[in-house]
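The values are calculated or read from the model by the stated rules, or taken from the named source; none is laboratory data. Values in this document were obtained by computation on a predicted structure and should not be read as measured data. Counting neighbours? That spans all protein chains shown, and the Cβs are built from the backbone with ideal geometry, glycine included. We work out accessible area using only protein heavy atoms, side chains counted, and drop any ligands, DNA or RNA first. Shrake-Rupley method; radii C 1.70, N 1.55, O 1.52, S 1.80 Å.
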Amino acid sequence: HLAALAELGCEIVLLGTGAQLRFPHPELMLEFTRSGAGIEVMDVQAACRTYNILLSEERKVAAALLLG
């Protein structure tokens, strides 16, 4: 699913990893490196807040949220 996000043409992708910050394996992040999109990893609440701020600035942003 992360590869599909990298193909959206966003400037930045926010990855919300639940209630706690958990970094994915570096291999999973290669698609973002190749696409030029930035990825920020944070807890879900921070990802939602950041998404709203970036969207209000009319930035090209996507969010992937892991709930539960």
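Protein heavy-atom accessible surface, 1.4 Å probe, per residue over the chain: 68 Å².
Accessible surface of the chain, 1.4 Å probe: 56 percent of it comes from carbon and sulfur atoms.
Suppose R0 equals 22 Å. What FRET efficiency, 1/(1 + (r/R0)^6) with r the Cβ-Cβ distance, do Glu40 and Ala3 give to the nearest 0.05? Plugging the Cβ-Cβ distance into 1/(1 + (r/R0)^6) gives 0.80. As a calculated quantity, the FRET efficiency between Leu65 and Thr33 at R0 = 25 Å, using C-beta atoms, amounts to about 0.70.
Calculated [222 nm] ellipticity per residue, helices only, for the chain: -9500 deg cm²/dmol; basis is -39500 (n - 2.57) per DSSP H run with n ≥ 4, divided by all residues, nearest 500. With a Förster radius of 35 Å applied to the beta-carbon distance between Ser56 and Ala19, the computed FRET efficiency rounds to 0.90. Using alpha carbons only, the radius of gyration of the chain set against its Kirkwood radius gives Rg/Rh = 0.95.
Each Lys or Arg adds one and each Asp or Glu subtracts one; over the other residues with Cβ under 14 Å from the Cβ of Ala3, this totals -2. Note: relative contact order over the chain, using C-alpha pairs below 8 Å and six or more positions apart, is 46 percent.
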